[in-house]
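Notes to accompany the following structure.
A short reminder: the numbers here are calculations on the coordinates, not readings from a lab. Keep in mind the model is a prediction, meaning the values are calculated, not measured. Heads up, the Cβs are rebuilt from the backbone with ideal geometry, glycines too, and the neighbour counts pull from every protein chain shown.
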Amino acid sequence: MGRLLGIAIWVITILSVWMFVSGKWWFPSSISEHGPRYDSQFLITIIVVGISFTAAQIGLGWVVWKFRDSGDKARATYSHGNNRLEIIWTIVTAVIFISLAVMGQRVWASLNLTKAPAGAYQVEVVAQQFSWNFHYPGKDGVFGRTDPNLIDDSSLNFVGLDDTDPNAKDDSVVATLAVPQNRPVELILRSKDVTHSFFVPQLRFKQDLVPGMNIHVHFTATTVGKYELACAELCGMNHYKMKAYMLVLPQNEFDELVALPQEQFQARKDELLNKYPLPNY
Amino acid sequence: MAEATHAEVHHGEVHRHPAPTGFIRKYIFSLDHKVIGIQYILLALTAVVVGMIMSVLMRVNLSWPGTHIKILETLFPQGAPGGVMTPEFYLSLVTMHGTIMVFFVLTTAPQGGFGNYFLPIQIGAEDMAFPVLNMMSFWVTFVGFVVILFAILAEGNATVGGWVSRLGESFAGGSGTVGPIGGWTGYPPLSALGKIAGPGQGAGVNLWIISIAIFCVGSLLGALNFITTLLNMRTRGMSLMRMPLTCWAWFTTAILALLSFPVLLGGGILLLLDRIAGTSFFIPGGLYVSGSTVPLHNGGSPLLWQHLFWFFGHPEVYIAILPGMGATSHILSTFARKPVFGYRAMVFAIFAIGMLGFFVWGHHMFMSGMSPYSAVAFSILTLSIGVPSAIKTFNWIGTLWGARIRFTTAMLFAIGFVSLFVAGGITGLVLGQTSLDFFFHDTYFVTAHFHLVMGVASIFGMFAATYFWFPKMFGRMMSEGIGKVHFWITFLGVYAIFVPFHAMGLLGMPRRYAQFTEYEFLKNSKGLVTFVTVAAIITVVAQVLFYFNFFWSMFKGAPAPENPWEATTLEWTIPSPPPHDNFAGIIPTVYHGPYEFSVPGAPNDFIMQSDGDGVVADLEGTSGNGGNGHRH
């Protein structure tokens, strides 16, 4: 039984490691400025995890294989432990784990502990059960006033835009997020009803949208294309299909789009959605 | 009381507590910690069936959408029209699976079950400090379970839903789901708004909150009892550092429960008030839900709930697994025929895990909108918990090093625990990093992590405990043959289920999706999803072996001797099953540490803790108290 268990543990270890290194199941390729930094932090972490996991399981398999009771009268080694070993492995694991923890703050700090760079393009994101609204400031670059009391889904005022505000005249509210390539974007995240979460796997980015809060986040997308935006916080029955698209557009195409008034914006956005295919998975 | 008993024993008098004779006092409203322990275990064995059936239904829905399940059509014509699950029905399964498993399985059997039964015996006490409180804690917990089952009916059944709807608007029932659809974490505002937020937001949520609140009270009573019993009722010679590691684990767990459940209880009451009394603890102003503005609510904070919930929720993870760690240490040592490697380090590690567990709750909230600066602190503290966890793993392997392992079923499950604890725990190094949560938060990578570590590792600890202590509890042996088949299918099965979850996480698969059909980036997951479902069905079906073994052996198993495993602790000095007052009035005195196996010069390869005979009494280094760690 001991040998069998030892072998089983080793085989499980090999298969588990294979699942990660085979490359059959891996992130979709990243499309953001911080994506490569994210991926390398994950790679370092998963190598440390993989080595620790393998060492522990191989070790466990080994002692199970080796130290089975063979039926003779011999006794086990009588030992209560070894303080020196305890100190060594405590220090070694502490150093490795804390180092990883510190390294693991870098991408976070670059995005969430800094303000959006000057010149970042702002979009207001208003989530609701079970769709996304993206509010663009239009030609003037100034968002029209919004008020939750003005929200009226039946008359398509999804974000509560105040039509009497002159700044609102050129604003557009559409169901697709368009962002410029290689220019920082600042999203102002809100929710009308319950908590949602903004998740684009290729961006390596996620942030909850919490009712009652305006959460400012920023990132820079680097690769032109069309990507799926998913809700990642349970928000009700149709959570699984609360989907939108994110278009990353070349600067000129983007500038042209966001200068359009609402209806043309809508039409142009639909053209662009058809123009760009989803990545191959 | 314990002191008085010693005095009596030493005067040669034996004072005995007679066992109750009536059926109700003996088996139902029993004050005997052993009966109460078994009641908790039976509750967990019942609850886990409900939880497992739900997980199979969820898997079927994910792999083969549109499957007709006849029984669902009969039971829930609304939630599963034509026997096909609706998305909201699926989400209510997610919620109830999580709630039932976390509370009524992982928090009952390990602590209330085995802890109740064996903590008093292992420390040489005749019962818990407060037997009436003990009885109450079980029955309160039981009522909590009845309420959660009632939540299923109140939402799923139109008739019952109609009854509860009369209690008021927030109790609107009969929406066709099998309970609330907020997940076991029940984040407001979704969980606070009532039926306007969609199906499954009425009576189910209220009953869900009430059930958990009741459960909190039961756990709190239990925790008080455990702590008092352990501190005050240890027999002569049972110093803290001579306690079995199981007792340390139950003790630490009780402290965690004492400090964390009140916070959840408070949070639950506030959430209930938001729903039924119009308060706004968690509901901010200006909401617009399902086509209309939400009047009268203002000033609440959804994040406040998350803080309260996870202040409880993270310690809860350790409440589930620490007893498993204790049982594993105990069983590994017994069947390795070796003292636990680094007993003192194990005690410090279990305490360190428990205490650090109170400072890391924010790692569940990196993406929540909480201050990103506090996230950094939570992240670093989180990875620090890896250190005592690693110490435990090293010491388990150290215990097996140079051993003479006896591969009983209990031992197989204990070794399985170590393997699964490593596999599940180590991905905490990924998820504990703020940066990496940008991708992995709320994906299947998280689901993989916590199912392996708090789910199946804990359950393996309980399987090990069951196979180990069953002879003592019921006076009969379980079938080792069936037990081993059960082990092999379960061990390979849980790995086959939960390792592929990591791959799904790498693809970006979000949790709590009723279908994966809507997204192109998930289309490569199809093979994995089906593989997991098949593995899950096989593993769940294999649990029939365990149930059969458990109940068959209870009546037909071979009679168990007093000490079938040649173990050392006090429960093995008394008959199987033990008499009503555990030690028949003769409370043992403890002379040795808990794990004195293979002591050179001793006549047997094990020395009972209470063994005061000449030959072993003077053997150097066996007195426990942690040893100095430098011998040999």
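A straight chain from A:Asp153 to A:Ser40 at 0.36 nm per residue would run longer than the Cα-Cα distance by 36.3 nm.
For the Cα trace of the range A:200-281, dividing Rg by the Kirkwood Rh returns an Rg/Rh value of 0.98. Lys and Arg at +1, Asp and Glu at -1: add these up for the other residues within a Cβ distance under 11 Å of B:Gly124 and post the number. Neighbour charge sum, excluding B:Gly124 itself: +1. What does the charge count around B:Ile574 come to, taking other residues whose C-beta lies under 13 Å from its C-beta (Lys +1, Arg +1, Asp -1, Glu -1)? That works out to -2. Taking each DSSP H run with n ≥ 4 as -39500 (n - 2.57) and averaging over every residue of chain A yields -12000 deg cm²/dmol at 222 nm. Can you work out the base-10 log of I(q)/I(0) for the range B:249-377 at q = 0.12 1/Å, using the Debye formula on its C-alpha atoms alone? For the range B:249-377, the Cα-only Debye profile gives -0.62.
Under 5 Å between amide hydrogens, built in the peptide plane, is the criterion, and for A:Phe198 it picks out A:Gln207, A:Asp208, A:Leu209, A:Ala232 among residues at least 5 positions away or on other chains. Going out from 0 in 10 Å bins, what whole percent of all Cα-Cα distances in the range A:64-156 drops into each bin? It works out to 10, 18, 17, 13, 11, 11, 10, 7, 2, in whole percents. Taken over chain B, the alpha-carbon convex hull comes to 155 cubic angstrom per residue. Counting only lysines at least 8 places from B:Lys26 when in the same chain, those with an alpha carbon closer than 19 Å to its own are B:Lys34, B:Lys472. Amide H contacts for A:Ser191 (H built 1.01 Å from N in the peptide plane; partners 5 or more residues away or on another chain; cut-off under 5 Å): A:Ala127, A:Val210, A:Gly212, A:Met213.
Over all pairs of different C-alpha atoms, the range A:24-113 has a mean inverse distance whose reciprocal, the Kirkwood radius, equals 17.1 Å.
Quick one: net charge of B:Phe550's neighbours, Cβ under 13 Å, K/R +1, D/E -1? Residues near B:Phe550 contribute +2 overall.
For the segment B:410-423, counting C-beta atoms of other chains within 10 Å of every residue's C-beta and taking the mean gives 4. In nanometres, what is the gap between the two model label sites at B:Leu619 and A:Arg3, each 7 Å from Cα along Cα-to-Cβ? Once both label points are built, they end up 3.2 nm from each other. Calculated FRET efficiency, A:Ile14 to A:Ser99, Cβ-Cβ distance, R0 = 22 Å: about 0.20 to the nearest 0.05. Between B:Ala558 and B:Glu169, the FRET efficiency from the beta-carbon distance, with R0 = 51 Å, is close to 0.30.
Note that the range B:396-478, at 10 °C in a medium of 1.306 mPa s, gets a Stokes-Einstein diffusion coefficient of 110 µm²/s from its Kirkwood radius over C-alpha pairs.
For A:Lys226, the lysines whose Cα comes closer than 30 Å to its Cα, not counting residues fewer than 8 places off in the same chain, are A:Lys24, A:Lys115, A:Lys139, A:Lys169, A:Lys192, A:Lys206, A:Lys241, A:Lys243, A:Lys269, A:Lys275, B:Lys523, B:Lys526.
Here the label points at B:Lys70 and A:Ile51, each 7 Å from Cα along the C-beta direction, are separated by 5.8 nm in the simple model. The value given for the range B:384-441 is a Kirkwood hydrodynamic radius of 13.1 Å, derived from the mean inverse Cα-Cα separation. Taking 0.36 nm per residue of separation and subtracting the Cα-Cα distance, full extension of the segment from A:Glu271 to A:Ile87 would add 59.8 nm.
Using all pairs of distinct alpha-carbon atoms, the Kirkwood hydrodynamic radius of the range A:128-281 works out to 16.0 angstrom. Sorted from greatest to least, the principal axis extents spanned by the alpha carbons of chain A come out as 93, 36, 36 Å.
In chain B, helices alone account for a calculated mean residue ellipticity at 222 nm of -19000 deg cm²/dmol, with every DSSP H run of four or more residues adding -39,500 (n - 2.57).
The spacing between the range A:58-107 and the range B:425-491, judged by their C-alpha centroids, is 20 Å. Enclosing the Cα atoms of the range B:36-284 in their convex hull gives a volume equal to 124 cubic angstrom per residue. Name all residues of the range A:168-185 having a backbone nitrogen under 17 Å from the label point set 7 Å from the Cα of A:Asn252 along its Cα→Cβ direction, giving them as ranges. Residues passing the 17 Å test: A:180-183. Amide H contacts of B:Gly179 (H built 1.01 Å from N, in plane; Pro and chain starts excluded): B:Glu155, B:Gly156 sit under 5 Å, all sequence-distant by 5 or more or on other chains. Loop-resident trypsin sites (Lys or Arg not before Pro) (DSSP state other than H, G, I, E or B) in the range A:1-65 with no more than 15 further Cβ atoms inside 10 Å of their Cβ: A:Lys24.
Cut-off 10 angstrom, C-alpha nodes, Gaussian network model of chain A. Which of A:Gly23, A:Gly225, A:Gly61 fluctuates the most? In this elastic network of chain A, the residue with the biggest mean-square fluctuation among A:Gly23, A:Gly225, A:Gly61 is A:Gly23.
In the range B:308-352, the convex hull through the Cα atoms has an average projected area of 3.2 nm², a quarter of its surface area. Which value results for Rg/Rh of the range B:112-165 when Rg is the Cα radius of gyration and Rh the Kirkwood radius based on the inverse mean 1/r? My calculation puts Rg/Rh at 1.30. Computed from point charges on the beta carbon alone (+1 for Lys and Arg, -1 for Asp and Glu), the dipole magnitude for the protein assembly as shown about its Cα centre is near 2000 Debye.
Our estimate of slack between B:Val143 and B:Ile538, defined as 0.36 nm per intervening residue step minus the Cα-Cα distance, is 139.0 nm.
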